[in-house]
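> Encoded as structure tokens, here's the structure I'll be asking about.
The values are calculated or read from the model by the stated rules, or taken from the named source; none is laboratory data. Bear in mind that the values here come from a model prediction, so they are computed numbers and not experimental data. Virtual Cβ from ideal backbone geometry, glycine too; neighbours counted across all protein chains shown.
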Amino acid sequence: MHAHFLDSYRHGFSPIHRLDPRVKLVLAVGFILATALTPPGAWPVYILLFALLLAVEILSELSVSYVMKRAVLAFPFVLAAVPILFTLPGNPLVTFTIGPWSPSISDAGLERFISIALKSWFSVQMAIVLAGSTPFPDLLVAMRAVHVPKLLVAVIGLMWRYLFVLADEAIRLMRARDARSGHPVDTPYKTGGSIAWRARVTGGMAGNLFMRSFDRGERIYAAMAARGYDGEVRSVPLPPVSGPQRMLLFGGVVVLVLLVILSYLL
Amino acid sequence: MHHTIEVEGLTFAYPDGHRAIADISLVIAPGEKVALVGPNGAGKSTLMLHLNGILKSTAGKVRVCGMEVKDGNLGPVRAAVGLVFQDPEDQLFSPTVFDDVAFGPIYQGLPIAQVRERVDEALRAVRMEDYVERVSHHLSVGEKKRIAIATVLAMNPEILVLDEPSAGLDPRARRSLINLLRELPQTMLTATHDMRMVQELFTRTVVMDGGRVVADGPTDEILGDAELLEAHGLEIY
């Protein structure tokens, strides 16, 4: 049993899957940037962005509902924007009374809150399409190609590699605990132990996992050093991006820039 | 006397569709010591995880000590079957040896005096009584293996299921482990690649390959069948 469920990549042969990962990465980050740059309340542009997003989702064959369901992940972060509802000056819509305070939701605040919620929802969906249609190693290559600092790419790569090892280790630990969580058929005692004891066991497991990760880190470093690692991350050069894909990249960036300009003109 | 393992038409597929074992049937009598051999990926560990209800079968039935392994029955099943994992690092998840060996008994709700008794007994059985207060992290592999066995002995299981107990041990640690396994009275099913240990310790051998049982019989007969061994990538020495 392995922790494959952590891998968001879904194998496929859609046009989006076949896109050069470098083009995909730049366009996805470009889309997120463009979305972030639009002013609050630019509803027509939001609709255009959403249409673009939907088109990409349908083309990617990842299933729109799958992407949207995963994008729900963004909602807790949207909560951080809740204070804006109350702090932005404008015409009060609803006023609450809590003891000596009477905060009110302003129309400007509501507009900005909905804008932020929509924009973060779009951004997360695009990130999910990117991760769902691109194998992670390809993403790392793409990051390198667009000059993300090499060390950062190496750290992200190692993290990805060992996340699964760590998750597997956690699964095995829990399995070992379950295997010993038994009791005789007709026991006179209350089984399961106290909550405090169980918490202590779980804490011990977490500490154990930390120690092992630490040890493993040391061993990995030793293995890297043994093969000549000197702190410098080296990699093979990449082939150039093909002509049509270049055109696509260019076209995509132009569309995104136009959308941002449009959002300020409207 | 009912402490047997009865496996009937057991099939298991992982969620990704990979079929790890297919249509396995196996009966192990009380007190029998059985070796389970086969190449890596034959499904030995998968089979073992079913005996304890850790994995849930896709089809077929498993009964241990007369109890069907199913949800709602897992408590008694896990008390009856002591599962010793291949990597003692997985088995030992508590800070000290005492905490680890005491886990099963405490979970069973035994009074503390009895827990201590169980821990002492289990550690004595594996000849590690001086290690009670030691930190598991600092033990050698051989010591960890013994403690791992003690952690299930403390639960007074009727059946011991061991996954590659002699893997990674030096000759002396391996020898003392073999002696320990010989002394233990429980019904025993042991997955291993250590054919010499099989020859020495187990009267019956089951060969698995590709998720199926391909041979089952007296150890002498199986180990004497050079053709069979070769067909399934096994060697005696």
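> Out of B:Val27, B:Val7, report the one residue that is farther than 17 Å from B:Gly211 by Cβ, modelled with pLDDT of 90 or more and not in a loop (DSSP other than H, G, I, E, B).
The match here is B:Val27.
> For the stretch A:149-170, does any single residue satisfy the condition of being under 26 Å from A:Tyr9 (Cα atoms), at the interface with another protein chain (Cβ under 9 Å from one of its Cβ atoms) and touching a residue at least 12 places away in the same chain (Cβ under 8 Å)?
yes
> Still on this structure, please answer the following. Among the residues of the stretch B:93-111 satisfying the criterion of being assigned to a loop (DSSP other than H, G, I, E, B) and within 7 Å of chain A (Cβ to nearest Cβ), which is farthest from B:Leu153 (Cα to Cα)?
B:Pro95
> Okay, moving on. Can you tell me which residue within the stretch B:30-45, out of those that are of a type outside the set (Gly, Ala, Ser) and assigned to a loop (DSSP other than H, G, I, E, B), is nearest to the other protein chains (Cβ to nearest Cβ)?
My answer is B:Asn40.
> So B:Gln114 passes all but one of these: (1) more than 20 Å from the chain's Cα centre (by Cα); (2) away from chain A (no Cβ under 13 Å); (3) modelled with pLDDT of 90 or more. Which condition number does it fail?
(2)
> Let me ask something additional. Of the numbered conditions (1) away from chain A (no Cβ under 12 Å); (2) of a type in the set (Gly, Ala, Ser); (3) farther than 29 Å from B:Gly41 by Cα, B:Gly168 fails exactly one; give the number of that condition.
(3)
> How about the stretch A:179-194: which of its residues are of a type outside the set (Val, Ile, Thr), loosely packed, with under 15 Cβ neighbours inside 10 Å and within 7 Å of chain B (Cβ to nearest Cβ)?
A:Tyr189, A:Lys190
> May I ask you to list the residues in the stretch A:204-213 that are facing chain B (nearest Cβ under 9 Å) and of a type outside the set (A, V, I, L, M)?
Listed by number, the residues that qualify are A:Gly204, A:Gly207, A:Asn208, A:Arg212.
> Exactly one condition in (1) modelled with pLDDT of 85 or more; (2) away from chain B (no Cβ under 13 Å); (3) at negative phi is not met by A:Val233; state its number.
A:Val233 satisfies all of (1) modelled with pLDDT of 85 or more; (2) away from chain B (no Cβ under 13 Å); (3) at negative phi except (1).
> In the stretch B:71-92, what residues are within 24 Å of A:Arg212 (Cβ to Cβ), touching a strand residue (DSSP E or B) at 6+ places or on another chain (Cβ under 8 Å), more than 7 Å from every other protein chain (Cβ to nearest Cβ) and not in a strand (DSSP E or B)?
Selection gives B:Gln86 alone.
> Provide a single number: the residues in the stretch B:46-70 that are outside any loop (DSSP other than H, G, I, E, B), of a type in the set (Val, Ile, Thr) and facing chain A (nearest Cβ under 10 Å).
Qualifying residue count, the stretch B:46-70: 1.
> Does B:Gly75 meet the test of being out of contact with any Lys or Arg (no Cβ under 8 Å at 6 or more places or on another chain) and surrounded by fewer than 22 Cβ atoms within 10 Å (Cβ to Cβ)?
Spelling it out, B:Gly75 is indeed out of contact with any Lys or Arg (no Cβ under 8 Å at 6 or more places or on another chain) and surrounded by fewer than 22 Cβ atoms within 10 Å (Cβ to Cβ).
> Going by the conditions given, is A:Val124 without any contact (Cβ under 8 Å) to a residue 60 or more places away in the chain, part of a helix (DSSP H, G or I) and surrounded by fewer than 16 Cβ atoms within 10 Å (Cβ to Cβ)?
When the stated conditions are applied, A:Val124 does not pass them.
> Test B:Asp130 against the criterion of being more than 10 Å from chain A (Cβ to nearest Cβ), surrounded by fewer than 21 Cβ atoms within 10 Å (Cβ to Cβ) and in a helix (DSSP H, G or I), and give yes or no.
Yes: the conditions hold for B:Asp130.
> Still on this structure, please answer the following. Of the conditions (1) buried (at least 22 other Cβ atoms within 10 Å of the Cβ); (2) more than 20 Å from B:Thr187 (Cα to Cα); (3) within 12 Å of chain A (Cβ to nearest Cβ), B:Val119 fails just one. Which one is it?
(3)
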